[in-house]
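Take this structure first; my questions come after.
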Amino acid sequence: MKPVEDALLYDFYGNLLTDKMQTALESYLMDDLSLAEIAQANNISRQGVYDTIRRAIKTLHEYENKLGLVAKFNSQASTLDKALELIDEAKYDEAKQLVQAVRDEITGE
């Protein structure tokens, strides 16, 4: 598991998971609880927690493979970072073009 990547996927798609998956994943990723701690708090086995977390993460990756929202977000963030660099270099027209490209992508124009 890649906690940072999984947490980002959770930010985008977490509400699409079942309540049980959300609870387990939040405890694991955000609260940094161990599988044993989560199991004890939810009165289930450690293996049950592990299976729920693995299934939830797999589901998040499936959503990303189908929808690509995180990849799109990362691409737009990278483009905006480049625009900021261009602004620092006083290349305002180039920066404006990059920002406009992101805006067009967001609005669908």
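The values are calculated or read from the model by the stated rules, or taken from the named source; none is laboratory data. Everything numeric in this text was worked out from a predicted model, so none of it was measured. When we count neighbours, we look across all protein chains shown, and the Cβ atoms used for this are built from the backbone with ideal geometry, even at glycine. Accessible surface is based on the protein model in full, side chains and every heavy atom, while ligands, DNA and RNA are left aside. Shrake-Rupley method; radii C 1.70, N 1.55, O 1.52, S 1.80 Å.
Considering only protein heavy atoms and a 1.4 Å probe, what is the carbon-and-sulfur percentage of the accessible area of the chain?
Values: 3760 of 7450 Å².
Here carbon and sulfur together make up 51 percent of the probe-accessible area.
Quick one: if you stick a label point 7 Å off each Cα along the C-beta vector at residue 109 and residue 84, how many nm between them?
2.4
Sum up the charges of everything whose Cβ sits under 14 Å from the Cβ of residue 63, counting Lys and Arg as +1 and Asp and Glu as -1, but leave residue 63 out. Kindly include the intermediate steps, with their values, before the conclusion.
Values: positive: 55, 58, 66, 72; negative: 5, 6, 11, 62, 64.
Spelling it out: positives minus negatives among the neighbours equals -1.
Please state the charge dipole magnitude for region 69-109, taken about the Cα centre, from unit charges on C-beta atoms (+1 on K and R, -1 on D and E), reported in debye and rounded to the nearest 20.
Values: 5 positive and 9 negative charges, 29 e Å.
Computed about the Cα centre, the dipole is about 140 debye.
Sticking with this structure for a sec: May I ask you to list the lysines whose Cα is less than 26 Å away from that of residue 82, ignoring any residue fewer than eight positions away on the same chain?
Correct list for residue 82: 72, 91, 96.
Using a Cα-Cα cut-off of under 17 Å, which aspartates and glutamates could be cross-linked to residue 2, ignoring same-chain neighbours fewer than 8 residues away?
11, 26, 31, 32, 51, 62, 64
Of 42, 29, 75, whose Cα points farthest to the positive end of the dipole of the chain (charges on the beta-carbon: +1 Lys, Arg; -1 Asp, Glu; origin at the Cα centre)?
Final value for the positive-end residue is 42.
Order the peptides 97-107, 45-55 from the highest to the lowest mean number of other Cβ atoms within 10 Å of their residues. Don't skip to the end; give the middle numbers.
Numbers: 97-107: 12.7, 45-55: 15.9.
Top of the packing list down: 45-55, 97-107.
Under a crude label model (7 Å from the Cα following the beta-carbon direction), how far is residue 74 from residue 37 in nanometres?
My value for the distance between the label points is 2.8 nm.
Here's a follow-up. Identify which of the listed values of Rg/Rh (Cα atoms, Kirkwood Rh) was calculated from the structure shown: (i) 0.91; (ii) 1.18; (iii) 1.08.
(ii)
Moving on. Rounded to the nearest 20 Debye, what is the dipole magnitude of the chain about its Cα centre when Lys and Arg each give +1 and Asp and Glu each give -1 at the C-beta? Don't skip to the end; give the middle numbers.
Working: 12 positive and 20 negative charges, 106 e Å.
Using Cβ point charges on Lys, Arg, Asp and Glu, the chain gives about 520 debye.
Can you give the helix-only mean residue ellipticity at 222 nm for the chain, where every DSSP H stretch with n ≥ 4 adds -39500 (n - 2.57) and the sum goes over all residues, rounded to the nearest 500 deg cm²/dmol?
-25000 deg cm²/dmol
Here's another thing I want to ask about it. Once R0 is set to 41 Å, what does the formula 1/(1 + (r/R0)^6) return for the Cβ-Cβ distance between residue 22 and residue 94, expressed as a FRET efficiency to the nearest 0.05? Before the final figure, lay out the partial values.
Details: r = 43 Å, r/R0 = 1.04.
After rounding, the FRET efficiency stands at 0.45.
Can you tell me the accessible area per residue over the chain, all protein chains present, probe 1.4 angstrom, in square angstrom?
Working: 7450 Å² over 109 residues.
I get 68 Å² per residue for the chain.
Once the whole set of protein chains is in place, how much accessible area is left on residue 59, using a 1.4 Å probe, in Å² to the nearest 10?
30
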